[in-house]
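J.: The structure's right below; bear with me while I get my questions together.
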Amino acid sequence: MNPDKMQLKKRIAVASRQIPADIVIKNARIIDVFNIEIIAGDIAIADGIFVGIGEFNGTQVIDAENRFICPSFIDGHVHIESSMVTPAEFAKVVLPHGITTVITDPHEIANVSGKEGINFMLDNSENLELDVFIMLPSSVPATSVENSGAKLSASDLEPFYHHKRVLGLAEVMDFPSLRSADDELVDKIAMTSNYSPNMDGHLAGLGTDAINIYKAAGVQTDHECNTVEDALERLKRGMYLLIREGSVAKDLKSLISVVNQNNARRCLFCSDDKHLDDLIQEGSIDHNVRLAIQSGLDPLIAVQMASLNAAECYGLKQKGAIAPGYEADFLLMDDLDSIDIKEVYKSGKLIAREGEYVGKLVKKKNPGQKLLNTVNVSGINKKDLQITIGKSGLANIIGIIPNQLTTNHLQEQVVVENGVFVPSREKDQQKLVVVERHKHTGNVGLGIVKGFALENGAIATTIAHDSHNIVATGTNDEDLLLAIQTLKEINGGLVIIKNGKVLVSLALPIAGLMSDQGFHSIATGLHQVKQGLLDLGFKSGFNPFLTLSFLTLPVIPALKLTDLGLFDVKTFQHIEVSL
């Protein structure tokens, strides 16, 4: 917010020591993100803004006790819906971890509920201690090869640009449409350029020709790199590199070596998709910073990436530094190497201490009924789940790569009885089902997946990127059918079924993506989910529900499943399961 005349006069008076500051911080080791060094001095704050470093007196004095003072962290790209809690609850979780600003893309809820979903995210994030900035979804629907709950055109999006917290256009995912200069997508890009230079990319598995096309269209960032070679090509062409560490996609350790003193200013961090339990236990961007330091990166450069670089990438000119004219959002830390955060301040006010949120509580109204009734499924029976296999017994199979969004395209022999596929524990081959849940189409996509290694039962969820239909996998049809029915009864969420019984159900009634309860309740529910997975014999070192939710994303190679069937991302067409 721009200051008025009286605020400017006050800031000048404090900076020139004519009047005391509102707050003065003394005895701090100041992290200078501009010069990558530690400096000393008092820090003066007026009206929530840093106004000076030097020697100052203040109405309130904070003794930093020789701690490091660090600009608070910024998440450059996150889908709040993936935490399964509302923005107001999400804020209580990430603020104690030192994140006071997030750049979020609400395309998850928008793909279910369109403009109503975006409005809910804006309304629910108003007046929080966490600054929530919105990038408008560019791909609703994500592609033309599946069915989602909404469609947003350039004219639908344009009114949102008048909102003060809307920054630009979110990840452009549909590369074939961009390459062919599809009118609908180009309209969104051209419209955005009238309001903002901020446009995010999504270049998963794409080479240099694609980078050229994205950059020529005005796209500035990519968060989908997982190799040093890809990262360097993006940096060479002037993109900002967002280094991601989420719950499924863990790219930081494979990418951090690309960062050096010459290119660090073009690099920042993001979490993208991270489950609530991981946010509570590991943290958010603070976790990225720790991992980067553990991997050998200079701690001050890691802090710069998490603050100033992210702010400048998205044009947040008053964020990201401990310096006059910047917002007084900062952390006090005992140790720089471990990012041991003791206190978090927003606009000069203490909002978190020793890992606990102590800021104001904002009461939010409940979402409307349109967001609470989004699981519209027609009757599904065993016949709908049959996968016909030819005489060869060979099938195209989705192969999971643990902790990656990409999958392998496998071709294997499967067990066949009476001409149809039968799941096999010995071969680690399970049935995968996607059921359209928005418009009662009755569409059921079927496939085979390898890598979950369930001994029994089925799991299912309405979190299925990005169209968020029902996705389920299991060892038998009876449990799969019960899982689908249970999701309908609870209006979306996560379910675990075994031997015809519901072991665990975690309701997420807001668009089938988020809970209307507090984060502590959902954290308890996620613990129950982990216990339920053990009852199914799940032993692998990845999050099966998150992995399941990305098996439906037909813009990341190699094989995925939509409500219209098995999809080959490399050829961008549906293929048969049977060979």
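J.: So the label point goes 7 Å from the Cα of N194 along Cα→C-beta, right? Which residues of region 167-185 then have their backbone N under 18 Å from it?
T.: 167-170, 183-185
J.: Let me ask something else. Show that you can apply the helix-only estimate: for the chain, add -39,500 (n - 2.57) for every DSSP H stretch of four or more residues, divide by all residues, and state [θ] at 222 nm to the nearest 500.
T.: Counting only the DSSP helices, I get -7000 deg cm²/dmol.
J.: For I351, list long-range residues whose amide hydrogen, built 1.01 Å from N in the peptide plane, is under 5 Å from its own amide hydrogen.
T.: Correct list: V344, Y345, K346.
J.: Applying 1/(1 + (r/R0)^6) with R0 = 45 Å to the Cβ-Cβ distance of V362 and V415, what FRET efficiency is obtained, to the nearest 0.05?
T.: Efficiency computed from Cβ-Cβ geometry: 0.25.
J.: On to the next question. Ranked by Cβ crowding within 10 angstrom, fewest neighbours first, how are L8, L122, L95 ordered? Please report the intermediate quantities before stating the final value.
T.: Numbers: L8 12, L122 17, L95 23.
Fewest-to-most Cβ neighbours within 10 Å comes out as L8, L122, L95.
J.: Amide H to amide H, which residues 5 or more places from V61 or on other chains are under 5 Å from it, using H placed in the peptide plane?
T.: Correct list: V24.
J.: Given K151/K370; K236/K560; K488/K560; K92/K501; K539/K560, which pairs have Cα atoms separated by over 25 Å? Mind dumping the intermediate values first?
T.: Numbers: K151/K370 16 Å; K236/K560 31 Å; K488/K560 23 Å; K92/K501 35 Å; K539/K560 23 Å.
Correct reply: K236/K560; K92/K501.
J.: Which one, (1) 0.99; (2) 0.94; (3) 1.05, gives Cα Rg over 2.2 N^0.38 Å as derived from the coordinates shown?
T.: Looking at Cα Rg over 2.2 N^0.38 Å for this model, the match is (1).
J.: Fewest first, what order do F330, F160 take by the number of other Cβ atoms within 10 Å?
T.: Fewest-to-most ranking of F330, F160: F160, F330.
J.: Rounded to the nearest Å, what's the spacing between the alpha carbon centres of region 12-57 and region 162-237? Just the number, please.
T.: Value for the Cα centre distance between the two parts: 39 Å.
J.: Under a crude label model (7 Å from the Cα following the beta-carbon direction), how far is L394 from F572 in nanometres?
T.: In this crude label model, L394 to F572 measures out at 2.7 nm.
J.: Among K317, K346, which comes first, second and so on when ranked by fewest other beta-carbon atoms within 10 Å?
T.: Values: K317 11, K346 23.
In increasing order of surrounding Cβ atoms, one gets K317, K346.
J.: Among the complete DSSP H segments of the chain, which ones combine at least 20 Å of alpha-carbon extent along their axis with a mean Kyte-Doolittle hydropathy of 0.0 or more? Let's see the in-between values first.
T.: Working: long enough: 519-535 (24 Å, 0.09).
Sorted by number, the helices that extend far enough and score high enough are 519-535.
No lab work stands behind these numbers, since they all come straight from the coordinates. These numbers come from a predicted model, not from an experiment. When we count neighbours, we look across all protein chains shown, and the Cβ atoms used for this are built from the backbone with ideal geometry, even at glycine.
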